[in-house]
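Structure first, commentary second.
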Amino acid sequence: MTAAAGFLVAPPLDLVPGTLLVAVGPGASGKSTYADTAAVDVVVCLDSLRREIGGDAGDQSVTPAAVERQNALLEQYLSAGATVFLDSTNVEAHVRAQLVERARRRGRPVVALRFLPDLGTCLARNAQRPTNRQVPPDTLRWQHQLAREATPDVLLREGFTAVHHIEPAPTGATVSHDVLAPERIADAVAVLRKAQQGDQDAHRDLGDYFPEYEGLVMQTDHVRYLELAARAGLEATHLLIMHIQSDTWGASVDTYTSDLGAPLASVNLGDYASRTEAIRETVRAATDHGWALAPEHKWADFDCGGGEIHIPIHARPTH
């Protein structure tokens, strides 16, 4: 395995010059983050083309024109022998078929890069995007399901010359020993929420409140997250078990300000095949790491289009 810009690539990429790299993954799965340091000659990004054409990367009305421009650029770069990374979802088989055929006509290798974090992670990342860049949750679920069905065997049968799975690397956040003064919580939460929504000024301002733990904002290790939150004077209030679709239940830990006044963030714990499995595995994860759960009669079960179970939890004392 090799590390690159917050991602683990397995196996290492060994590209022939002139290769077309095709991302296959739902929205908010890390494609554009990976593209920032991809070892290619050029990145063709559909969001960027929408912004160039219509002034807004999230304007779906200009997608047909953006796709036309994307295809023209691919022809130009492949004809010139450039190694290209295509940054778009490409979760539909007919879209991938056109890309494979385009590479074949130019005699270029075409490699699929699968981006497939669990659905809960994609939904959480999507919610942190600016409003104009958010994918409707139902669309995101549809994209995720299609991406799951695009297995390596399927992609190879479609004509891709190789398939690689791209996974987020573990975070390197360190435990902070700073405790946030109660009178600063409201302001700190406002900054954190803006940072989660992509506000770069807010990201810089985080250091004023939490010098050692900016990683809390995008923390993916739930055990580390709970420790960071507790040490910062925040309180993890509940585990959330939520029905996502017919055979999928998501689990997360939701952290609030210590006065319960505002949600700080959610960290995904995984997707499970049933309500029973989600509760069992989530409870086990919490208790294995020393977290005290409220008794079962204090759990809250809400009917939110399929069901939500809220399990209150409390951080172990920190010294």
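So the values come out like this:
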| item | result |
| --- | --- |
| Paramagnetic reach from R129 (point 7 Å along Cα→Cβ, amide N under 20 Å) across region 31-49 | 31-38, 43-49 |
| Mean separation of Cα contacts under 8 Å (6+ apart) over length of region 1-149, as relative contact order % | 35 |
| Charge-dipole axis of region 54-143 as Lys and Arg at +1 and Asp and Glu at -1 on Cβ define it, positive-most pick from L86, C122, S61 | L86 |
| Average accessible surface area per residue within region 1-131, 1.4 Å rolling probe, Å² | 43 |
| Rounded percent of accessible protein surface that carbon and sulfur make up, region 68-127, 1.4 Å probe | 46 |
| Highest average packing first - 16-23, 77-84, 117-124, Cβ atoms within 10 Å | 117-124, 16-23, 77-84 |
| Highest average packing first - 87-95, 108-116, Cβ atoms within 10 Å | 108-116, 87-95 |
| Under 11 Å from the D41 label point (7 Å along Cα→beta-carbon), backbone N, region 60-80 | 76-80 |
| Potential lengthening between T33 and A294 on full extension [0.36 nm per residue; Cα-Cα distance subtracted] | 90.1 nm |
| Modelled FRET efficiency - R0 41 Å, T287 with H165, Cβ distances, 0.05 increments | 0.85 |
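The values are calculated or read from the model by the stated rules, or taken from the named source; none is laboratory data. Everything quoted here is computed from the prediction, not taken from an experiment. Cβ: placed from backbone, ideal geometry, glycine included. Neighbour counts: every protein chain shown. Side chains are part of the model used for accessible areas, which takes the heavy atoms of the whole protein and leaves out ligands, DNA and RNA. Shrake-Rupley method; radii C 1.70, N 1.55, O 1.52, S 1.80 Å.
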